[in-house]
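Here's the structure we're looking at; comments come further down.
The values are calculated or read from the model by the stated rules, or taken from the named source; none is laboratory data. In this text, all values refer to a predicted model and were calculated from it rather than measured experimentally. Cβ sites come from the backbone with ideal geometry, for glycine too, and all protein chains shown count toward neighbours. Each accessible area value is taken on the protein alone, full model and side chains, heavy atoms only, with ligands, DNA and RNA left out. Shrake-Rupley method; radii C 1.70, N 1.55, O 1.52, S 1.80 Å.
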Amino acid sequence: MKPGLPRILLLALLAGCTRSNTLSGPPLYFRDVTALSGLDYRWTPPQKSPLNLRETLGNGAAFFDMDRDGNLDILLVGNPCKLFRGDGKGKFTPADFPTHTGELSGAAVGDYDHDGYPDLYLTAFAGGALLHNENGTGFTNVSARSGVTPQPWGTAATWVETAPGSGRLDLFVANYVDFSPERGARLLCDTRDGQGKIVLAACGPREYPPLPAAFFQNQGRGRFTDSSVSHQVKSQTRGRGLGVAAADFSGSGKQAIAFANDESPGDLLVSTGSSFVNQADALGLAYDSNARLHAGMGLDWGDYNNDGWLDLVVTTFRNEPNSLYQSEQGKFFKDLSYIAGLGASTEPYVAFGCRFFDFDNDGWLDLAFTNGHIQDNVQKLDANTTYQQPSQLFHNQSGRFSEISQRAGPAFTKPILGRGLATGDYDNDGAIDLLLVDSQATPLLLHNEAPKRGHWLGLALEGTKSNTAGYGAVVTVTLPGGKTIVRHCHADGSYLSSSDPRVHFGLGSASAVEKLVIRWPSGTVQTVARPLVDRYLPVREPS
């Protein structure tokens, strides 16, 4: 994240393809129901100014079903964290949650001991916490006995079944920079404004040495081994990591782990069996479309153009378009941000949270972003930008995006200090809702009230040989006429956040599904013929 210089932005209008159910008539929008939901929480930033980099990176949030009652619960990460149980009807009630000291920032959700209940890993500056889920009744901090050691500056994390068929989730933790004032790290830097006047502001990440990622290998029975060195994760990641997400992008049956790095080239770790190798440079994920280094913050995997291959979106700094890396049959990637309609619209903002999701159930993955600068006094440096910035919503029209933020509801026009973003259907109506983090105010729980929505199908996967939630499973739905849609099971991605792991398909006008095929992380392939639609379907991996 580097301070942006003012320049004239060319706002190009990229006309997308049209189709029969294109957005017309009444506007689609999300309604802010935070006040009605019971989410009584506020992030309180330091009152002094200017703030330093540690004080502005913000927080994350999580949608997850902690007690397996079929209703999503919410975790808001901060100091303190706060847990809310959901009733599936839009109401959330505060629940007990362990207290923590230190600067907690992000959450990763995963059932590491295969007992059926999702556990938590919380990232932190000079810390981190592994919390075991006690059969849905609460959480116990097991960090000390687990072998998951504190990190210097843990940001994003993800749970990954790196050994296919083991059923064990390993933990990857992205680290940011060596921010150690006792070793001479500067809290603030002299920055010149447009008139050449020096203004103290948060230093950019290049002022600090990068820190590599950590890899904790699950040994079973609640124990982990730090395998960062032995599996080459420490040497193969370039640091300044702010986002991490895993997916089988190549159809190899193995999960690859992508890292969004801030002012360091992006990373893509691919398993060799006994270690990992970074293939980001070779596959086109290290730099942007002009082969330039950018400030990567959040990221997410998803097949946005419905060609059957998972693509990657990465959020970036002001004057840098958010990158959309389109997969070329899993062999390499091309950054098609401008061609796909994201480039000009995302350039003016500093983007953090991001998520592929089909909000109108038309069968095409849309995109949401949270935005906000990292210098709280940025207007003294650049009159053309602000610290708080509006969030953005992009509608996918057959593989081309058009921004509809102005039509999406007041929550998308209100400037916030946007950081974390999670998606989840908290009222189980088949329409994916949003949870946004405003790191200097309250969360925004946005109910999906799109007036024109297609049919849908949701899958609640249960692994037996694979990990419990089926993280990493790839699901293909075949519609009447032979059209196929591919989605994958994951909760990771975005920025410091975790989302509903249920696999959601928008089906458009199709009121039936011919079949769905699940390729589990274990390698098992399961077919379900003619599943009923417009409902959540539990699917258990054959044992």
Next item on the list: Taking Ala473 as meeting all but one of (1) under 18 Å from Glu161 (Cβ atoms); (2) open to solvent by less than 20 Å² (accessible area, probe 1.4 Å); (3) touching a residue at least 60 places away in the same chain (Cβ under 8 Å), write down the number of the exception.
Entry: (3)
Check: What is the residue count in segment 146-185 for residues that are surrounded by 24 or more Cβ atoms within 10 Å (Cβ to Cβ), hydroxyl-bearing (Ser, Thr, Tyr) and closer than 22 Å to Arg54 by Cβ?
Finding: 2
Check: Can we say Tyr304 is touching a residue at least 24 places away in the same chain (Cβ under 8 Å), of a type outside the set (D, E, K, R), under 30 Å from Leu507 (Cβ atoms) and part of a loop (DSSP other than H, G, I, E, B)?
Finding: yes
Note to self: Step by step: first the residues of segment 395-410, then only those that are small (Gly, Ala, Ser) and over 23 Å from Ala422 (Cβ atoms), then the one that is least open to solvent (accessible area, probe 1.4 Å). Which residue is that?
What the structure shows: Gly399
Notebook entry, point to check: Counting only residues that are open to solvent by 10 Å² or more (accessible area, probe 1.4 Å) and in contact (Cβ under 8 Å) with a residue 60 or more places away in the chain, which one in segment 70-84 is farthest from Leu39 (Cα to Cα)?
Noted result: Gly70
Check: Applying the selection to segment 329-374, what residues are in contact with a helix residue (DSSP H, G or I) (Cβ under 7 Å, 6 or more places away or on another chain) and within 27 Å of Thr191 (Cα to Cα)?
Finding: Ile374
Checklist line | Every residue from segment 91-120 that is part of a loop (DSSP other than H, G, I, E, B), over 26 Å from Gly463 (Cβ atoms) and among the acidic types (Asp, Glu) | finding: Asp96
Note to self: modelled with pLDDT under 95 and either more than 28 Å from Gly353 (Cα to Cα) or assigned to a loop (DSSP other than H, G, I, E, B) (or both): which single residue out of Ser511, Ser543, Ser522 fits that description?
What the structure shows: Ser543
Item checked: Odd one out for Asp262 among (1) under 19 Å from Gly302 (Cβ atoms); (2) surrounded by 24 or more Cβ atoms within 10 Å (Cβ to Cβ) -> (1)
Margin query: Of the residues Ala340, Ala344, only one is outside any loop (DSSP other than H, G, I, E, B), over 17 Å from the mean Cα position of the chain (by Cα), over 19 Å from Leu268 (Cα atoms) and touching a residue at least 24 places away in the same chain (Cβ under 8 Å); which?
Written below: Ala344
Check: Does at least one position in segment 192-207 carry a residue that is of a type in the set (D, E, K, R), over 24 Å from the mean Cα position of the chain (by Cα), open to solvent by less than 60 Å² (accessible area, probe 1.4 Å) and closer than 18 Å to Pro50 by Cβ?
Finding: yes
Note to self: Being in contact with a Gly (Cβ under 7 Å, 6 or more places away or on another chain) and open to solvent by less than 30 Å² (accessible area, probe 1.4 Å) is the filter here; which residues of segment 85-120 pass it?
What the structure shows: Gly88, Phe92, Leu104, Ser105, Gly106, Ala107, Pro118, Asp119
Next item on the list: Among the residues of segment 121-145, count how many are assigned to a loop (DSSP other than H, G, I, E, B) and either open to solvent by 20 Å² or more (accessible area, probe 1.4 Å) or among the small types (Gly, Ala, Ser) (or both).
Entry: 6
Item checked: In segment 113-137, the residues that are in contact with an Asp or Glu (Cβ under 7 Å, 6 or more places away or on another chain) and among the small types (Gly, Ala, Ser) -> Ala124, Gly136
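Per-residue answers, yes or no, for (1) at positive phi; (2) open to solvent by less than 10 Å² (accessible area, probe 1.4 Å); (3) at pLDDT below 95; (4) not basic (Lys, Arg):
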residue: Ala295; (1), (2), (3), (4): no, yes, no, yes
residue: Gly298; (1), (2), (3), (4): no, yes, no, yes
residue: Asn305; (1), (2), (3), (4): no, no, no, yes
residue: Pro321; (1), (2), (3), (4): no, no, no, yes
residue: Gln326; (1), (2), (3), (4): no, no, no, yes
residue: Lys334; (1), (2), (3), (4): no, no, no, no
residue: Ile339; (1), (2), (3), (4): no, no, no, yes
residue: Gly353; (1), (2), (3), (4): no, yes, no, yes
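A quick yes/no check of all residues on (1) touching a helix residue (DSSP H, G or I) at 6+ places or on another chain (Cβ under 9 Å); (2) open to solvent by 30 Å² or more (accessible area, probe 1.4 Å); (3) modelled with pLDDT of 95 or more; (4) not in a helix (DSSP H, G or I):
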{"position": "Leu393", "(1), (2), (3), (4)": "yes, no, yes, yes"}
{"position": "Gly420", "(1), (2), (3), (4)": "no, no, yes, yes"}
{"position": "Tyr426", "(1), (2), (3), (4)": "yes, no, yes, yes"}
{"position": "Ala431", "(1), (2), (3), (4)": "no, no, yes, yes"}
{"position": "Leu445", "(1), (2), (3), (4)": "yes, no, yes, yes"}
{"position": "Pro451", "(1), (2), (3), (4)": "no, yes, no, yes"}
{"position": "Trp456", "(1), (2), (3), (4)": "no, no, yes, yes"}
{"position": "Lys465", "(1), (2), (3), (4)": "no, yes, yes, yes"}
{"position": "Thr468", "(1), (2), (3), (4)": "no, no, yes, yes"}
Checklist line | 2 or more residues of a type in the set (A, V, I, L, M) and in contact (Cβ under 8 Å) with a residue 24 or more places away in the chain: qualifying strands (runs of 3 or more DSSP E) within segment 255-301 | finding: 256-261
Next item on the list: Could you tell me whether segment 213-227 includes any residue that is acidic (Asp, Glu), open to solvent by 10 Å² or more (accessible area, probe 1.4 Å) and at pLDDT below 95?
Entry: no
Checklist line | Which numbered condition Pro415 misses (of (1) over 16 Å from the mean Cα position of the chain (by Cα); (2) under 24 Å from Thr123 (Cα atoms)) | finding: (2)
